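After the structure tokens below, expect a handful of questions from me.
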Amino acid sequence: METQLSTPTPDMIEELRQCAAALTEKLQGDQYEEASALIEKVTDCRDRHIFQSIGKLTRGLHDSMKNFNVDGGVCSATNEHADECEFNDASNRLNYVMELTQNAAEKTMDMVEEAAPISLSLGQEAAVLKTEWLRLRQREMTPDEFRGFYERLDKFFDVTDTSTKKLNENLQSIILEQGFQDLTGQVLKRVISLMSEVEDNLVSLVKIAAQVESVVGIKPEEVKAQAEKEADIKGEGPQIKAEEREDVVGSQDEVDDLLSSLGF
Amino acid sequence: MKILIVDDFSTMRRIIKNLLRDLGFTNTQEADDGLTALPMLKGGDFDFLVTDWNMPGMTGIELLKEVRADDKLASLPTLMVTAEAKKDQIVEAAQAGVNGYVVKPFTAQALKEKIEKIFDRV
């Protein structure tokens, strides 16, 4: 949005010039009453400019607030709470992402935990049968032992059949479970686009605020260093762009190097 | 060997638990932050602590400091497994007396190496 607020209009400047000229004239002619009337006119003129500016700013602010409602359909017609609602929607979506990733991780681990003992016992049984088989080939087996071996082998084929079916099933559902990546990706994309729209709108709000400051004559305060210092020790979660940051390690190797430089 | 795993995400606790089981450590217990972990540590003879950093309630670094300040627990071997990767944080953990530091996401191999290193030294 285009807002040129602090520069007075040409009309206004013309009016001020005329007043100034008239004022000098009156003062030189010792006409103090008329002069003070002129001074009043000048102040009025300036006030009007401020009021007009504030009016424009308010409209700009209103527009920016309205723009926060990026996804109109979701929050129906209650524009009053549109911004709040959109943010609620974003956090709902993020919660959904958390839920989905957690479920996928749990299910995948369930499948693996179920499969691990199956493949383990298949392997163990195969190893036992192999030693028996070697004994058979070297003709070290009694007929009774052979009968036992024969039955055990028979059973092993059955178990192998059902076990591998189960293992394949689990592997398949682990693959399917990875679908969360697609779903969460889509949701995250929407949240990211909401965030960047919000960012744009915030930038225009900040611009407007800066103009308010220049019209009214407030200087922005400078506060920063303290907050930065405190952030250090707090947890930040995963580093998204570790390779672009100096103060962050990018790999386990770097952690190890740092620790060994400290005498670990 | 009795191990306490402290992480606010149940999936991460489960992953660590599984990796530890593969390494032959089957006696594990879990806590979801420092506040639940500390009484468990004080009450039960744990031999090893694996903790995350960023948790609600009491963070892992606070837990580590509490552990080092406690007469009975002061020498408990502690491994930090965390997504926190700022150099300042690693230095702070080292100064607080951590025995090993693994950044997430990690490999089974990295976890194994760090654990073995800790027990070689203890």
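Around residue B:32, with a cut-off of 15 angstrom between Cβ atoms, what is the net charge of the other residues, counting Lys and Arg +1 and Asp and Glu -1?
Taking every Cβ under 15 Å from that of residue B:32, the sum is -3.
Cα gyration tensor of chain B, axes a ≥ b ≥ c as square roots of the eigenvalues: rounded (a/c below 1.5), prolate (a/b > b/c) or oblate?
rounded
Please report B:1, A:12 as a ranked list, fewest other C-beta atoms within 10 angstrom at the top and most at the bottom.
B:1, A:12
Using the alpha-carbon centroid of each, what span in Å lies between the stretch B:44-122 and the stretch A:180-201?
Between the Cα centre of the stretch B:44-122 and that of the stretch A:180-201, the gap is 35 Å.
While we're looking at this one, here's another question. What does the average come to when, for each residue of peptide B:76-86, you count the partner chain Cβ atoms lying within 10 Å of its Cβ?
Taking all residues of B:76-86 together, the mean is 4.
So which trypsin sites (Lys or Arg not before Pro) in the stretch B:32-115 are both in a DSSP loop and have at most 11 other Cβ atoms within 10 Å of their Cβ?
Taking the stretch B:32-115 and a limit of 11 other Cβ atoms within 10 Å, the loop trypsin sites (Lys or Arg not before Pro) found are B:72.
Expressed as a whole number of Å, what is the distance separating the alpha-carbon centroids of the stretch B:1-39 and the stretch A:107-174?
Centre-to-centre (Cα) distance: 32 Å.
Name the residue from A:202, A:27, A:97 whose Cα lies farthest towards the positive end of the charge dipole of the protein assembly as shown, charges +1 on Cβ of Lys and Arg and -1 on Cβ of Asp and Glu.
Positive-end residue among those listed: A:97.
Shielding of B:9-15 by partners, i.e. mean partner chain Cβ atoms within 10 Å per residue?
Partner-chain Cβ atoms within 10 Å, mean over residues of B:9-15: 3.
Helix-only estimate, please: 222 nm mean residue ellipticity of chain B, summing -39500 (n - 2.57) across DSSP H runs of length 4 or more and dividing by its residues, to the nearest 500.
My calculation for chain B gives -14500 deg cm²/dmol from helical runs alone.
Could I ask something else about it? Given H placed on each backbone N at 1.01 Å, which residues far from residue B:102 in sequence or on other chains put an amide H within less than 5 Å of it?
Distant-sequence amide H within range of residue B:102: B:80, B:81, B:82.
Find which of B:95, A:187, B:51 sits farthest along the positive direction of the dipole of the protein assembly as shown, computed with +1 on the beta-carbon of Lys and Arg, -1 on that of Asp and Glu, about the Cα centre.
B:51
With N set to the number of residues, divide the alpha-carbon radius of gyration of the stretch A:134-194 by 2.2 N^0.38 Å and report two decimals.
The reported ratio for this selection is 2.36.
Further, regarding this structure: How high is the relative contact order of the stretch B:34-121, in percent, counting Cα pairs under 8 Å that sit 6 or more residues apart?
26 percent
Loop only by DSSP, 14 or fewer other Cβ within 10 Å of the Cβ. Give me the GluC sites (Glu not before Pro) in the stretch A:233-264 that pass, ordered by residue number.
A:246
Which order do A:163, A:91 fall in if you start with the one that has the fewest other Cβ atoms within 10 Å?
With the sparsest Cβ surroundings first, the list reads A:91, A:163.
Dipole of the stretch B:1-96, Cα-centred, from +1 at each Lys and Arg C-beta and -1 at each Asp and Glu C-beta, to the nearest 20 debye?
240 debye
In a GNM of chain B with a 10 Å cut-off on Cα contacts, which of B:66, B:92, B:30 has the highest mean-square fluctuation?
Top of the fluctuation ranking is B:92.
Continuing with the same structure: Which whole number gives the average count of other chain Cβ atoms within 10 Å of the Cβ atoms across peptide B:92-105?
Whole-number average of other-chain Cβ neighbours for B:92-105 is 3.
No lab work stands behind these numbers, since they all come straight from the coordinates. These numbers were taken from a predicted model, which means no experiment stands behind them. Glycine also receives a Cβ, built like all others from the backbone with ideal geometry; neighbour counts cover every protein chain displayed.
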